[in-house]
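These notes concern the structure reproduced below.
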Amino acid sequence: MSIGTYHVSVCAALPFNRPNSDGESSTRMKSRILSQSALLLASFILCAPALRAQEPPPAAPQHHPWDDKSLSPDQRADMVQKEMTLDEKLQLVHGTGWGALMPGSPIYPGSNWGASYVPGIPRLGIPGINMQDSAVGVRLSALMGRYSTLLPSTLGAASSWDPAGARLFGDVIGRELRDQGFNMSIGGGVDITREPRNGRNFEYAGEDPLLAGTMTGNLMVGVQSEHVMGDIKHYAFNDQETGRNVYSANIGKRAARESDLLAFEIAIGIAKPAGVMCAYNRVNQVYSCENDWLLNDVLKKDFHFKGWVLSDWGATHSTVKAALAGLDQEMPGDDYFGDALKKAIQDGQVPMSRLDDMDHRILRSMFAEGVIDYPVMPRSVVNPFKGRDDAEHIAEESIVLLKNENGILPLNSSVQSIALIGSHADVGVLSGGGSAQVDAPGGNVINPHPGGANWGETVYFPSSPLKYIREHAPGAKVEFNPGTDDASAAAFAKTADVAIVFVNQPMHEAMDRPTLSLPDDQDALVSAVAAANPHTIVVLENGGPVSMPWAGNVQGIVEAWYPGIGGAQALSDLLFGTVNFTAKLPVTFAKDDAQLPHPEVPGYNLKDVPHMMTFTIHGKIIKHAMMDKPMFDVDYNKAGAAVGYKWFEEQHLTPLFPFGFGLSYTTYEYSGLAVDSDGHQATLAIKNTGQRAGTEIAEVYAELPQDAGEHYKRLVGFDRVDLNAGESKTVTIPLNQLCLSIYNVTNDSMEMIPGKYIILAGPSSADTPLTVTFTLSK
Ligand code: BGC
């Protein structure tokens with residue numbers, strides 16, 4: 001056993017060696033704890049070389065010829081590759097196992113206890129790659145006693161329609177990954193909201209390819225600005241969790257390119273990410289991670305993606321097929337890309353040039369993002385204050401005002417009593433779970449226990465709406481009722497001037513919601529409170545769209561999503577009007593499940609499906625979606641490219657709340673829309689017609705020429721416009737040419753077709769008062 005292996009076993013054992021005091025005398029316990037402390041110290045010293053193994057070589061200038069930063073990333077990668085042995089080449093194309101993700105799994109020396117680790121090549125000055133999940137903040141921090149900022153859900157952040165906000169979001173993640181010793185993020189989810197009940201929608205950026213692609217792309221620009229490699233996932237069509245390992249998303253090429261894949265194309269074009277993670281599911285019957293069309297043809301050829309394709313964790317299903325189809329790295333282990341790939345190369349089934357291409361993509365990305373030039377070590381302490389402030393700013397831009405009857409909001413000093421009800425609003429805000437779960441500082445505020453969050457646990461963060469609402473209303477009586485009994489909540493609400501009911505929808509990876517309805521009969525709670533108090537406001541903390549049968553009976557509706565560690569402050573500032581609402585919905589809210597392309601989540605009710613796990617949330621059993629059989633198909637062609645608002649428009653359906661909708665404490669007027677002759681940009685004027693400053697999100701849509709055969713409009717541009725009361729501005733909004741194009745299956749390209757384009761502009765997808773046309777000649 002080498003010294004290195006010895007270090008691993010000691011290091012790996014550390015967190016699982018908790019003292020067990022059963023039946024021990026206090027003297028024995030003390031002496032055992034002392035000897036364990038000595039072991040701990042010794043272990044730390046022994047571990048130190050292992051930790052140092054991930055440090056870069058001494059930064060001696062020109063130590064290696066490829067240290068020369070004036071060379072391109074491709075040149076530098078080529079130079080390294082010339083020196084690599086076959087085993088070194090193979091070492092880069094797979095991870096070293098489940099490690100920290102699976103208690104009991106060995107931790108490889110040099111691993112930073114993240115989701116995966118790829119050892120570096122110290123003799124060539126190539127550091128290891130330490131990856132961590134980080135969709136809304138860095139995951140698994142409790143494991144190492146670290147702190148990470150919980151940002152609002154990415155779906156929430158997408159409601160800001162603010163690319164600068166998305167960059168800030170990414171910057172927080174990149175900064176805290178780097179502080180904690182990681183050099184790659186595996187966040188970056190851009191699967192569009194095709195299935196509104198998908199348990200992971202909160203990790204993604206909504207239903208529209210332009211909005212989702214722009215926000216996710218900018219988020220990854222933020223991550224990579226910290227010299228941390230970024231990733232975009234889950235490629236592709238992983239729009240539901242039910243049966244995610246087995247279903248086949250069946251979709252025609254044109255619809256594919258104009259919907260889900262367009263979001264990836266836009267995000268990848270903006271971020272130029274180091275990695276793209278291929279998904280668990282199959283696409284047109286072929287697993288995503290061995291799908292030649294998806295990986296080679298579309299991603300690498302058409303999207304000009306220069307980084308590497310890594311598989312989702314356990315989503316590799318073959319060696320030769322996957323390698324030839326374009327998979328560059330197996331995660332998290334080496335079942336297919338370890339010895340099996342070596343043999344396939346030696347047998348000539350996979351050409352050496354393919355392995356070289358895999359390595360080149362990895363190495364050029366490491367050079368391009370600066371993880372070799374600006375190594376992550378040494379670690380630093382995360383700045384939690386800056387993180388919280390950034391999270392609060394993002395939350396302010398994320399929370400959407402959906403209803404404000406009779407101007408019930410903003411609340412003011414005339415309100416003498418406020419009844420706060422439900423969702424633990426006395427102590428915290430809800431977070432999303434699964435691999436996007438961030439560990440709460442001090443632990444789950446509603447269920448304190450040692451260690452980080454358990455998989456499937458509903459975790460509330462210590463950001464108390466009650467506390468901050470009280471701060472805004474020092475003269476008022478502000479009390480809380482848990483909302484667990486409808487009658488008592490209603491009686492409580494009756495005594496107050498205003499009732500604010502918090503409702504929640506916990507969501508996490510590996511599950512979907514069976515319906516759009518709020519869980520736990522919360523609809524009944526809201527109805528009971530609304531019947532008792534005519535001045536009822538509902539605050540939603542949810543992962544994705546929900547139905548609201550009570551919407552007509554309450555005066556105010558505020559969509560807070562999962563608002564992050566600064567959530568309660570942002571929310572109370574918005575409720576009291578010290579900050580104005582600016583956000584707009586990145587998803588359509590259907591009235592009910594019957595309005596959706598699939599009224600039932602496909603596969604959810606398949607009878608003979610062996611569910612590998614079930615979760616209990618709030619006392620109810622939720623089916624785990626990681627089913628191993630039988631295979632089943634999901635008909636993506638039913639909606640085709642008509643996802644979200646496009647579906648509603650095509651089907652002549654009126655949703656509950658349309659895509660792009662959101663109110664403000666001021667009002668705006670649109671005028672003067674013009675478009676240039678080739679559809680590159682539109683100009684329009686917006687006036688703030690209200691009494692206070694605000695920021696309006698202007699939306700520009702297009703109806704394509706008749707030959708496109710579409711019966712819906714597409715979002716083609718947008719902008720956030722800051723306006724003081726009474727102020728007018730004329731803005732020029734670039735129109736995304738891909739969003740004005742159709743995918744020509746014969747020519748295999750995105751093309752604008754000749755004919756008349758109608759450009760529409762306004763405050764939401766359902767309200768576009770301005771139209772203008774331009775004609776593209778043949
Ligand atoms: C998820 C990925 C995640 C990976 C590693 C998978 O189950 O689908 O999004 O990055 O686990 O945690």
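Points to keep in mind about this one:
- Residue count for segment 75-116, restricted to those that are over 30 Å from GLN437 (Cβ atoms), surrounded by 16 or more Cβ atoms within 10 Å (Cβ to Cβ) and either within 16 Å of the ligand (Cβ to nearest atom) or of a type in the set (Val, Ile, Thr) (or both): 1.
- Every pair of residues 6+ apart whose Cβ atoms lie under 7 Å, when the first sits in segment 431-446 and is at positive phi while the second is within 16 Å of the ligand (Cβ to nearest atom) and hydrophobic (A, V, I, L, M, F, W, C): GLY434/ALA510
- Restricting attention to segment 128-146, the residues that are assigned to a loop (DSSP other than H, G, I, E, B), more than 21 Å from the chain's Cα centre (by Cα) and either within 15 Å of the ligand (Cβ to nearest atom) or under 18 Å from LEU310 (Cα atoms) (or both) total 1.
- Listed conditions (1) of a type in the set (Asp, Glu); (2) touching a helix residue (DSSP H, G or I) at 6+ places or on another chain (Cβ under 8 Å); (3) in a loop (DSSP other than H, G, I, E, B) are all met by GLU457, apart from (2).
- Selection count, segment 256-290, where residues are of a type in the set (S, T, N, Q), crowded, with 24+ Cβ neighbours inside 10 Å and away from the ligand (no atom under 16 Å from the Cβ): 1
- Candidate set from segment 353-409 (those that are of a type in the set (Gly, Ala, Ser) and without any contact (Cβ under 8 Å) to a residue 12 or more places away in the chain); member that is farthest from ILE557 (Cα to Cα): SER353
- So GLY726, is it surrounded by 14 or more Cβ atoms within 10 Å (Cβ to Cβ), among the small types (Gly, Ala, Ser) and modelled with pLDDT of 95 or more: no
- Of the residues making up segment 64-73, those that are within 19 Å of MET229 (Cα to Cα) and loosely packed, with under 15 Cβ neighbours inside 10 Å are LYS69, SER72.
- Listed by first and then second residue, the pairs with beta-carbon distance under 7 Å, at least 6 apart or on different chains, first residue in segment 750-778 and free of Cβ contacts under 8 Å to residues at least 24 places away in the same chain and of a type outside the set (S, T, N, Q), second buried (at least 16 other Cβ atoms within 10 Å of the Cβ) and in a loop (DSSP other than H, G, I, E, B), are GLU751/SER741.
- Condition met for ASN454 (surrounded by fewer than 20 Cβ atoms within 10 Å (Cβ to Cβ) and either within 21 Å of the chain's Cα centre (by Cα) or on the phi > 0 side of the Ramachandran plot (or both)): yes
- Segment 384-422, residues that are in a loop (DSSP other than H, G, I, E, B) and over 23 Å from the mean Cα position of the chain (by Cα): ILE408, LEU409, PRO410, LEU411, ASN412, SER413, SER414, VAL415, GLN416, GLY422
Matching residues to (1) of a type outside the set (Val, Ile, Thr); (2) at pLDDT below 95; (3) in a strand (DSSP E or B); (4) over 26 Å from ALA157 (Cβ atoms):
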site	(1), (2), (3), (4)
ALA425	yes, no, no, no
SER435	yes, no, no, no
ALA440	yes, no, no, no
PRO450	yes, yes, no, yes
LYS467	yes, no, no, no
ARG470	yes, no, no, yes
ALA491	yes, no, no, yes
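- Looking across segment 662-716, the residues that are polar (S, T, N, Q) and part of a strand (DSSP E or B) come down to SER671, GLN681, THR683, ASN688, THR695.
Listed here are the residues, each with its yes/no results for (1) surrounded by fewer than 24 Cβ atoms within 10 Å (Cβ to Cβ); (2) closer than 16 Å to PRO465 by Cα.
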{"site": "HIS508", "(1), (2)": "no, no"}
{"site": "SER517", "(1), (2)": "yes, no"}
{"site": "ALA524", "(1), (2)": "yes, no"}
{"site": "ALA530", "(1), (2)": "yes, no"}
{"site": "GLN555", "(1), (2)": "yes, no"}
{"site": "VAL558", "(1), (2)": "yes, yes"}
{"site": "TRP561", "(1), (2)": "no, yes"}
{"site": "ILE565", "(1), (2)": "no, yes"}
{"site": "SER572", "(1), (2)": "yes, yes"}
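The values are calculated or read from the model by the stated rules, or taken from the named source; none is laboratory data. Remember, it's a predicted structure, so these values are computed and weren't measured experimentally. All Cβ positions, glycine included, derive from the backbone under ideal geometry; neighbour counts span all protein chains shown.
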